[in-house]
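The values are calculated or read from the model by the stated rules, or taken from the named source; none is laboratory data. Values in this document were obtained by computation on a predicted structure and should not be read as measured data. Note: ideal-geometry Cβ built from the backbone for every residue, glycine included; neighbour counts use all protein chains shown. All accessible areas refer to the heavy atoms of the entire protein, side chains included, with ligands and DNA or RNA removed. Shrake-Rupley method; radii C 1.70, N 1.55, O 1.52, S 1.80 Å.
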Amino acid sequence: MQSLSRSSWVLILTMLLAVAGLVNLYSISKLTGLEAFKKQLIWVMGGVMTMAVISRLKPLMLKRHSFAFYLFLLVLLVLIFVFGKTVSGSRSWFQLGPISVQPSEFIKIGIIMMLANYYGSEVGLKSNYRSSELFKPLTFLILPTIAVIAQPDMGTAIILVLIGSSIILLLGISRKTLLWMIIILLISIIPIWHIMLKDYQRERIHSFLDTSSDPFGISYNSIQSQIAIGSGMGYGKGFSLGSQSNLNFLPAHHTDFAFSVIAEEWGFLGAVFILLLYFSIIIYILITATSLEDRFATITCFGVGAMFFWHAVINIAMATGLMPIIGTPLFFISYGGSSTLTAFIGIGIVLCLMRK
Amino acid sequence: MELLKHRFRAAFFFVAVFFIIFSARLFYLQIYKGEEYRIFSEKNVLRMLELPAPRGRIFDRNGEKILYNKPSFNLKVFPKEITNSESLAEKLAEILDIPEKELREKLRKIASLESFHPITIAKDISREELFLIEKNVQALESIFIELGHKRFYPHGEAAAVLLGYTGLADTKEVNTLHKINPRDEVGKMGVEKVFDSELRGTNGLNYIAVNAHGKTISAALANIMLTLRNKEVISGKDIHLTIDAQLQTTADDALGEEKGTIVVMDVKNGEILAMASRPSYNSEHIWKKLSPEQENKKREKYFSFFNRSIQGTYPPGSVLKIVTAFALLEEKTADPKSSVYCPGYYFINKKRFNCWRKEGHGFVNLHKAVVESCDVYFYERSLKLGVDKLHSYLKKFGLGEKTGIVLPEKKGINPSTAWKRKYLKEPWYKGETIIMAIGQGYVTATPLQINLMTAVVANGGTICRPKIRKTDKTTLSAITGTVKSFDQKSLDFLKKALYDAVNSERGTGIYARSKIVSVSGKTGTAQVVSAKFESTKKRFQDHAWFTAYAPSDSPEISVTVLVENGGSGGVVAAPMAKKVIETYFTLKKQREETQIAESE
């Protein structure tokens, strides 16, 4: 193990996951055609190149441009309400010729760098921030989150909040402030629920919280996913032989439920192997974060780790029926240009910060 | 930095815990329960069925069902289960009364849908079709029969316009209404729409597993799916209306083939007893969804959703003289004892205004002017009154204002100098005042407003708020509405005049006279185009009005009849009102007798 550097390991794991994702997409192409596979292949190649470029940058450059990067994405998120494209009820995409881009994916990186920039610029080794010092980081987090909620894209909004709070909690909050925040949150729920939300928005949240209240989709999809995973048994049904996924009973099998396809076709062994790859990357990223000297670098690295972690947790919990369904991709495994590119950018940043 | 290291350690722990949880979950699903899932996935298909909730029933004031549900069988298909839409279309074409080509196209479209929810192929199939499908269910993959509820209107067209109809929710309704899905049935018109949130129930949900032959095997599923939750159907709430079904039918019959409306209201509490509007429509056609050509054909001849009693605004003609006369009395512009000579015409600035009676009425006082409906009297006296005074009295009687009924209504026009300046940007002319006094010109009203106006005279000064829903049955329904100060002497004067309009020798409403009950009323014949333009064409004929209340001495109901282009109000509308009034009192007597008989 010592013979290979840590960055080589991260690179190897990343490429293994990307290849697994492509193989998986290919295995269900019988039904949907090779379209998705080809597109994803192009995105992966573009992602690898982007990752390579970012990893060669000077770490200082990342820090210097984090604000501009964040602001640029925030403006895109606002512009989406003017020029955006609506897909299945959410206005989240920009159509640029043949490709569609989802800025809400990239803002994850933007938030991480912006928060790292804020905490990294602090003089001294401060920890346990007071409420007045939390105003700025919370604003950096809340502004894009509001834009994403308005799209509306609850899944991404939740991920944003999870990533942001992970960083804020890592740096710590004074006990008094934490108490106050909980109280304010609880009090504000009632007026927001009754005054700000429209009936149908409340309805969406209802069905989001209670799987049985939405007859269309949630429980049904979750059950289909569990049948797919369970029927994979120990060794799986074999490449391209997943009956649930290939007969199209598994919904969104190439995006949100791509993990279920792997579990059906490659069984417990395959599923745990992917799980192992995934969590190894996360652990490597976190180890890297602790080893870095610069505060900005540490926090950025931790943020990227948190981003991978929360995506994995929500996606896999949803596929295995441990959680209601939130449309969240599993990086590298799920089909999707913007999320794949975001994942490669994240790894590129980690590789860049490792270099010293 | 020590603190940060400490927190990183917590993060590592957190990550490890989740890795273990997920591995364990996968172990449970794939190894421990794997065998069961494998068997299930190889042999069965999971279906999610929505069980449609029946809408609430609608009752009339006597507890008679006027709108309820009958079972209907709908043929549905699961898009994702279709493997060969061509052969399915072929097989179905042998059973259903739909051309194979149409079915082929429909099924091809359905099969391409990325939907897990069943789509309807045919609604309300016949018993024969149902039998044939059940018999061939093994050959017809992906198909199932849904037990639905179809709305049944026992009185057909008589109440269709009032009750309205339902249809599939559109995008706007899905976004604005509470708890609605795109495939849900919602009220689109009339009572069905107004009380939709109560009438609509909550659909149930059923997960079933079927094997390759379309046979249900639910036990196998329940075993492996502990989290599976079915949902009970919750029926919609019943609604009780103030409508009397028998009176409604009578009113509808009375209109016959004419275009028009009849409104009957309880003058004491504003309960609407009947609200008939013609032309109506056959709700069966809406349910079955006629093709556009068929629908157009129907509409041409006899097809309307339009509730003329509240959405139609008409020049009120002479029925408005009730208000004008009241205004003249109150403002002391007309001494009841003084007279005006009517030669059959009247001149303002060399412009001639005719009385409806060309030969004139001779000397006319206010009483006679109402009874015989003399126009010249009102021309002369209203000039002194002025348009803005008249406007304020019209307003007092509720004209030009919404009545507050729960159904969608128009409010008509109650003109004034300010109104004309605002909307027409022109000054008011004297000639416009005098024709407004006899209900012509800019003034328009809905038949319900005219009914309320009549009820004010009958009940002694209360503008009722019309109700179509029976509220709490145990408490006595009190008058709701605005009690305004009406001079009782003036009202008594009007009551006498309205009685004589029906019951005296020369009254205009003699065709409403009844042997069963005393009737008071006022006729109206509203010009559609100017009198100079004589035409025999039906659509240029006058609107016939008659508004009345009965019994004359202690009024119970007010009845308003409007017949579009019907001609003379006294000849066409008054007999219709009479028929409805007589039916009301005959029914009342019969019901009292049976009640006595039952209690003895």
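What does the charge dipole of the protein assembly as shown about its Cα centre add up to, to the nearest 20 debye, if the Cβ of each Lys and Arg holds +1 and the Cβ of each Asp and Glu holds -1? List each step's numbers first, then the result.
Working: 113 positive and 84 negative charges, 549 e Å.
In debye, rounded to 20, the protein assembly as shown gives about 2640.
Given the options A:V23, A:W43, A:P59, identify the residue whose Cα lies farthest towards the positive end of the charge dipole of the stretch A:1-99 (+1 on Cβ of Lys, Arg; -1 on Cβ of Asp, Glu).
The listed residue farthest towards the positive side: A:P59.
Using 0.36 nm times the number of residues separating B:Y429 and B:T83, minus their current alpha carbon distance, what extension gain do you get?
116.9 nm
If the reach is capped at under 18 angstrom between alpha carbons, list the aspartates and glutamates near B:K33, excluding any in the same chain fewer than eight residues apart.
Cα-Cα hits under 18 Å: A:E264, A:E265, B:E42.
For the pair A:M323/A:T290, report the inter-label distance in nm, with labels modelled 7 Å from Cα in the Cβ direction.
A separation of 2.4 nm, rounded to one decimal place.
What does the accessible area per residue of the protein assembly as shown come to in Å², with a 1.4 Å probe and no ligands, DNA or RNA counted?
Values: 43450 Å² over 956 residues.
Here the residues of the protein assembly as shown average 45 Å² of exposed surface.
So which of B:K70/B:K188; B:K172/B:K396; B:K268/B:K395 end up more than 29 Å apart by C-alpha? Mind showing how you got there, number by number?
Numbers: B:K70/B:K188 19 Å; B:K172/B:K396 38 Å; B:K268/B:K395 21 Å.
As for pairs spanning more than 29 Å Cα to Cα, those are B:K172/B:K396.
Place +1 on the Cβ of every Lys and Arg and -1 on the Cβ of every Asp and Glu in the protein assembly as shown, take the dipole about the Cα centre, and give the residue among B:T249, A:I163, B:V194 whose Cα lies farthest towards its positive end.
A:I163
Under the classification rounded if a/c is under 1.5, otherwise prolate if a/b is larger than b/c and oblate if not, where does the protein assembly as shown fall, given a ≥ b ≥ c as square roots of the Cα gyration tensor eigenvalues?
Numbers: a/c = 3.15, a/b = 2.10, b/c = 1.50.
It is prolate, given that a/c is not under 1.5 and a/b is the larger ratio.
Kindly provide the helix-only [θ] at 222 nm of chain B, computed as the sum of -39,500 (n - 2.57) over DSSP H runs of four or more divided by all residues, to the nearest 500 deg cm²/dmol?
Working: 23 runs with 235 residues, N = 600.
It lands at -11500 deg cm²/dmol.
Please tell me which of these pairs span more than 21 angstrom C-alpha to C-alpha: B:K368/B:K495; B:K332/B:K420; B:K332/B:K489; B:K411/B:K579; B:K368/B:K430? Could the numbers behind the result be given before it?
Values: B:K368/B:K495 13 Å; B:K332/B:K420 26 Å; B:K332/B:K489 12 Å; B:K411/B:K579 28 Å; B:K368/B:K430 24 Å.
Cα-Cα > 21 Å for B:K332/B:K420; B:K411/B:K579; B:K368/B:K430; rest within.
Rounded, prolate or oblate: which fits chain B when a ≥ b ≥ c are the square roots of the eigenvalues of the alpha-carbon gyration tensor, with rounded for a/c under 1.5 and prolate only if a/b beats b/c? Kindly include the intermediate steps, with their values, before the conclusion.
Working: a/c = 2.67, a/b = 2.29, b/c = 1.16.
Prolate, since a/c reaches 1.5 and a/b exceeds b/c.
Give me the aspartates and glutamates in straight-line cross-link reach of B:K410: C-alpha distance below 16 Å, same-chain residues under 8 apart excluded.
Excluding near neighbours in sequence, the set is B:E401.
How large is the charge dipole for chain A, taken about the Cα centre, if only the Cβ atoms of Lys, Arg (+1) and Asp, Glu (-1) carry charge, to the nearest 20 debye?
Working: 23 positive and 14 negative charges, 201 e Å.
Taking the Cα centre of chain A as origin, the dipole is about 960 debye.
Counting Lys and Arg as +1 and Asp and Glu as -1, each charge on the Cβ, what is the dipole of chain B about the Cα centre in debye, to the nearest 20?
Values: 90 positive and 70 negative charges, 391 e Å.
Using Cβ point charges on Lys, Arg, Asp and Glu, chain B gives about 1880 debye.
Place +1 on the Cβ of every Lys and Arg and -1 on the Cβ of every Asp and Glu in the protein assembly as shown, take the dipole about the Cα centre, and give the residue among B:I468, B:A544, B:L46 whose Cα lies farthest towards its positive end.
The Cα lying farthest towards the positive end belongs to B:A544.
Using a 1.4 Å probe on the protein chains only, how many percent of the accessible area of the stretch A:54-154 belongs to carbon and sulfur?
Details: 3650 of 5150 Å².
Looking at the stretch A:54-154 in its full context, I get 71 percent from C and S.
Compute the Cα gyration tensor for the stretch A:41-148, then decide on rounded, prolate or oblate, letting a ≥ b ≥ c be the square roots of its eigenvalues: rounded whenever a/c is under 1.5, prolate when a/b is larger than b/c in the other cases, and oblate in all that remain. Could the numbers behind the result be given before it?
On the way: a/c = 2.98, a/b = 1.38, b/c = 2.15.
It is oblate, given that a/c is not under 1.5 and a/b is not larger than b/c.
Taking K and R as +1 and D and E as -1, what net charge do the other residues with C-beta under 9 Å from the C-beta of A:M233 add up to?
Details: positive: A:K237, B:R38; negative: B:E35.
Every neighbour counted, the sum reads +1.
For the stretch A:96-157, which GluC sites (Glu not before Pro) are both in a DSSP coil and crowded by at most 15 other Cβ atoms within 10 Å? Before the final figure, lay out each step's value.
On the way: sites: A:E105, A:E122, A:E133; in loops: A:E122.
Answer by residue number: A:E122.
Report, as an integer, the average count of C-beta atoms from other chains found within 10 Å of each Cβ along A:163-172.
Details: counts 0, 0, 0, 2, 0, 0, 3, 6, 3, 4.
That average works out to 2.
If I model the stretch B:1-137 as equal point scatterers sitting on the Cα atoms and use the Debye formula, what is log10 I(q)/I(0) at q = 0.16, 0.20 Å⁻¹?
With one equal scatterer per Cα and no solvent, log10 I(q)/I(0) is -0.98, -1.19.
At the nearest 100 Å², what buried accessible area, both sides summed, do you get for A and B when the probe is 1.4 Å? It would help to have the intermediate numbers written out before the result.
Values: alone 17490 and 31060 Å², together 43450 Å².
Buried surface at the A/B interface: approximately 5100 Å².
Keeping the other protein chains in place, figure out the carbon and sulfur percent of the accessible area of the stretch B:395-450, with a 1.4 Å probe.
On the way: 1430 of 2470 Å².
Ligands and nucleic acids excluded, carbon and sulfur reach 58 percent.
7 Å from Cα along Cα→Cβ at both B:A139 and B:R7: what's the point-to-point distance in nm?
The modelled label-to-label distance comes out at 7.1 nm.
Taking all protein chains as present, what is the carbon and sulfur share of the accessible area of the stretch B:58-142, in % to the nearest whole number, probe 1.4 Å?
Values: 2190 of 4440 Å².
So the carbon and sulfur contribution to the accessible surface is 49 percent.
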